[in-house]
Each structure stands twice: as C-alpha cells, then as structure tokens.
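Structure record follows, encoded as structure tokens.
The values are calculated or read from the model by the stated rules, or taken from the named source; none is laboratory data. This one's a predicted model, so the numbers in the text were calculated from it and none came from an experiment. Here the Cβ is made from the backbone with ideal geometry for all residues, glycine too, and neighbour counts use every protein chain on show.
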Amino acid sequence: MSFDFRTLCAIEPHRPAHRVAAVLMPLGAAAAALPWTPPWAALLAGATLALTLGNPCADAAARASKWLLQLAVVGLGAGVNLAVVARVGGQGLGYTFAGLAVTFALGAWLAARIGVGPKIAALICAGTGICGGSAIAAASPAIDARAEETSAALAVVFLLNGVALLVFPAIGTWANLDAHQFGLWCALAIHDTSSVTGAALTHGPEALAIATTVKLARALWIVPVALGLGAWFRRSAGPAAPRARVPVPWFIAGFIAVSALFTFVPMLHPAARAVSLVARALLTLTLFLIGAGLSRPVARTIGARPLILALLLWIAMAGASLAAIRAGWIH
C-alpha cells in the first residue's frame with residue numbers, strides 16, 4: 001500500500017513555489033518539534049513560509065493543529081504543582097481576580113474602539129491576564145477561534161514577550177524594586193512563563209523564585225477563564241444558547257487531571273519534567289502549523305489592530321501593577 005502525499009497537500013503544478021513549500025513544511029515541522037526551538041521562532045517560521053511560498057498542506061495542518069493544541073495543553077498540566085500554586089494563588093486571590101476583571105473589561109473597551117474582533121480580543125486578554133501562549137492555547141478551542149485569530153493573538157503576545165525581556169530589568173532597576181517586588185511584578189505583568197523567568201533572573205534567585213511560583217499560581221486561572229469564555233461566546237451566538245448546557249472541554253479536564261496526578265502521586269514526580277518538555281514541544285510544533293495557516297488575504301484582514309490592542313492593554317496593566325506594588329497594595 002503506497003502513500004500518496006497529494007492526499008495531504010493540494011500542490012498546484014503551475015506554482016513551483018508550492019512544490020518547494022511541500023518540502024519545506026515537513027522539514028519546518030520537524031525542526032519546530034525539537035526541544036530547543038523557541039515558540040516564537042516556530043510561529044514566525046510557519047507564517048513566513050506560508051506568506052512567501054503559500055501552504056499547499058493548509059487543510060491538513062489546520063486539522064493537525066487543532067488536536068495537537070489540545071494535547072499540548074493537557075501535557076502542560078504536568079508542570080503545574082497544584083498544592084504549591086493553590087497556596088500561593090489563595091494568598092493573592094483577591095488581586096488576581098481583580099486584575100483579570102480589569103484586563104478583560106479594559107480589553108473589551110479598547111477592542112471596541114480600535115476595531116478588533118471579539119475572539120481575537122478575548123485571546124489577547126487571556127494571554128495578557130494569565131500566562132501568554134498557554135492561556136491562548138487553552139482558550140482558543142474553548143471559544144472555537146479560527147486559526148488566523150489564534151495566530152494573530154499568539155504573534156503579538158510573543159512579540160511583547162521579547163520586548164519584556166529587554167525593558168523589564170531596566171525599569172525594575174529604575175523604579176528601585178527589590179528582588180521580591182521585581183519578581184512579583186514580572187509574574188503579574190509579563191505574558192509567558194519563559195519570559196517571566198528570564199527577566200526575573202536578572203534580579204537574582206529570590207526574584208526568580210517569587211516570579212515562578214506566582215506565575216504558576218496564575219496558570220490555574222486558565223481553567224475557569226477558558227470555561228467562562230466558552231460559555232460567554234456560546235451565549236452570544238444565538239437565543240437558544242443560554243438554555244443549552246455548556247460542555248466542559250476535555251482538554252481542560254485533562255489539564256486538571258494530569259496536574260493532580262503528578263502533584264499527588266510521588267512516584268511520578270521524576271517524570272513531570274519529561275512530560276512537560278514533550279508538551280512544550282507539541283505546543284511549539286502547533287505554533288508552527290498555526291503560523292503556516294496564515295495567508296496574505298488573512299494577514300491583510302487582521303492588520304495591525306491586534307498589535308495595537310495588545311500593546312495598549314499590556315502597558316496599562318503593567319503600569320497599574322507596578323504602581324500597586326510600589327504602593328504596597330500587592331505583596
């Protein structure tokens with residue numbers, strides 16, 4: 001039984017670029033799955049290939065990315081210790097909830113005035129308020145976001161992550177934050193955990209420990225926020241939706257189950273890191289496939305507005321959290 005590559009890729013014979021893309025896309029996917037490939041690089045590589053050469057495997061990539069994204073979210077639960085983050089999260093429950101509420105309220109207000117679609121805006125708010133790409137990955141299937149909406153939200157969040165690595169250490173020094181304050185600010189105001197740890201490390205091990213623990217505690221909000229967004233969009237979809245029962249997405253239940261398993265079964269603790277690494281590799285591969293789903297018409301449709309929304313929202317929330325920390329309202 002032979003395998004026909006054309007069943008996966010719609011290669012147009014009159015477009016030589018399609019033949020080149022059909023070779024580069026699998027190679028790019030393999031490279032994206034390597035453990036040392038940065039997520040932002042995978043997303044950028046996929047988008048660059050799709051926008052320059054086209055993606056003859058777009059349909060297959062879209063189907064694969066949907067399932068891989070959910071599997072990655074489940075696996076990420078192995079890196080979340082429920083006991084630790086629940087204790088830290090309980091201590092900061094009030095300001096965490098208030099911060100999320102302000103983020104989504106301000107994000108919705110800005111999106112309406114800038115002209116950003118509700119699903120892209122919701123994903124950007126989730127990434128800003130919780131934990132960047134992981135939150136977007138969890139919220140995207142819950143609200144049935146299109147691939148281009150997810151890609152746009154991820155792209156702007158990863159861009160701002162890079163900016164944060166450069167500017168946060170300098171601002172922390174200028175604001176005269178001690179290690180504890182700086183670690184807390186990084187956890188509250190930087191999107192992804194990887195960038196949080198990278199920035200916090202510049203102010204020493206105490207800042208790193210505070211930043212990592214608080215950020216993991218905020219990661220638990222992925223579950224209620226994703227469920228809440230899913231219910232909201234189903235309710236707004238039609239008049240019958242409010243009376244319908246909102247199903248619990250299996251991948252969110254899987255995230256909780258895996259987290260609980262690795263938290264409360266001691267013999268599994270050594271394997272938690274390996275599972276987390278595999279999950280992050282799957283997530284990075286998924287980002288490549290999502291980026292590869294972009295096209296020039298879609299990119300023109302999305303435009304620069306999501307970036308403007310994400311930047312304004314990030315500046316507002318980072319500034320507010322810094323002011324609250326310096327005033328002693330958050331500790």
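Only one residue in ALA152, ALA164, ALA231 is hydrophobic (A, V, I, L, M, F, W, C), at pLDDT 80 or above and touching a Pro at 6+ places or on another chain (Cβ under 6 Å). Which one?
Checking each option against the conditions leaves just ALA152.
Being surrounded by fewer than 24 Cβ atoms within 10 Å (Cβ to Cβ) and either of a type in the set (A, V, I, L, M, F, W, C) or within 25 Å of LEU227 (Cβ to Cβ) (or both) is the filter here, so list the residues in the stretch 162-183 that pass it. I'd like the intermediate steps shown before the answer.
Narrowing the stretch 162-183 to residues surrounded by fewer than 24 Cβ atoms within 10 Å (Cβ to Cβ): 162-167, 169-181.
Correct list: VAL163, ALA164, LEU165, LEU166, VAL167, ALA170, ILE171, TRP174, ALA175, LEU177, ALA179.
Pairs only if they're at least six apart or on different chains, beta carbon under 7 angstrom, first in the stretch 186-209 and more than 19 Å from LEU160 (Cβ to Cβ), second part of a helix (DSSP H, G or I) and among the aromatic types (Phe, Trp, Tyr); list them, first residue then second.
Final answer for the pair search is HIS203/PHE182; ALA207/PHE182.
Among (1) touching a residue at least 12 places away in the same chain (Cβ under 8 Å); (2) farther than 21 Å from LEU277 by Cα; (3) assigned to a helix (DSSP H, G or I); (4) over 16 Å from the mean Cα position of the chain (by Cα), where does LEU177 come up short?
Going through (1) touching a residue at least 12 places away in the same chain (Cβ under 8 Å); (2) farther than 21 Å from LEU277 by Cα; (3) assigned to a helix (DSSP H, G or I); (4) over 16 Å from the mean Cα position of the chain (by Cα) one by one, LEU177 breaks only (3).
Select from the stretch 194-209 the residues that are under 21 Å from the mean Cα position of the chain (by Cα) and either more than 24 Å from THR37 (Cβ to Cβ) or not aliphatic (A, V, I, L, M) (or both) and list them in ascending order.
SER194, SER195, THR197, GLY198 - these are the residues of the stretch 194-209 that are under 21 Å from the mean Cα position of the chain (by Cα) and either more than 24 Å from THR37 (Cβ to Cβ) or not aliphatic (A, V, I, L, M) (or both).
Within the bounds of the stretch 311-330, is there any residue that is at pLDDT 85 or above, assigned to a helix (DSSP H, G or I) and within 30 Å of ALA58 (Cα to Cα)? Quick ask: steps written out before the conclusion?
Residues of the stretch 311-330 that are at pLDDT 85 or above, as a first pass: 311-327.
Filter once more, keeping what is assigned to a helix (DSSP H, G or I): 311-327.
Still in the list and also within 30 Å of ALA58 (Cα to Cα): 311.
Scanning the stretch 311-330, I find at least one residue that is at pLDDT 85 or above, assigned to a helix (DSSP H, G or I) and within 30 Å of ALA58 (Cα to Cα), so the answer is yes.
Determine whether THR263 is surrounded by 14 or more Cβ atoms within 10 Å (Cβ to Cβ), under 30 Å from ASN55 (Cβ atoms), hydroxyl-bearing (Ser, Thr, Tyr) and modelled with pLDDT of 70 or more. Explain how you work it out, then say what you get.
Details: surrounded by 14 or more Cβ atoms within 10 Å (Cβ to Cβ): yes; under 30 Å from ASN55 (Cβ atoms): no; hydroxyl-bearing (Ser, Thr, Tyr): yes; modelled with pLDDT of 70 or more: yes.
So THR263 fails the test.
What is the residue count in the stretch 176-195 for residues that are more than 15 Å from ARG326 (Cβ to Cβ) and in contact with a Ser or Thr (Cβ under 7 Å, 6 or more places away or on another chain)?
1
Would you be able to say whether some residue in the stretch 294-305 is surrounded by 14 or more Cβ atoms within 10 Å (Cβ to Cβ) and modelled with pLDDT of 75 or more?
Going residue by residue through the stretch 294-305, those that are surrounded by 14 or more Cβ atoms within 10 Å (Cβ to Cβ) are 294-295, 298-299, 302, 305.
Next cut, modelled with pLDDT of 75 or more only: 305.
Checking the stretch 294-305: at least one residue is surrounded by 14 or more Cβ atoms within 10 Å (Cβ to Cβ) and modelled with pLDDT of 75 or more.
Suppose we filter the stretch 58-84 for residues that are touching a Pro at 6+ places or on another chain (Cβ under 8 Å) and crowded, with 18+ Cβ neighbours inside 10 Å; how many remain?
If we filter the stretch 58-84 for residues that are touching a Pro at 6+ places or on another chain (Cβ under 8 Å), which is where we start, we get 66, 69-70.
When the remaining residues are screened for being crowded, with 18+ Cβ neighbours inside 10 Å, the result is 69-70.
Number satisfying all stated conditions: 2.
Identify, please: which residue in the stretch 99-117 is closer than 23 Å to ARG218 by Cβ and either touching a Phe, Trp or Tyr at 6+ places or on another chain (Cβ under 8 Å) or among the β-branched types (Val, Ile, Thr) (or both) and is, among those, surrounded by the most Cβ atoms within 10 Å (Cβ to Cβ)?
THR103
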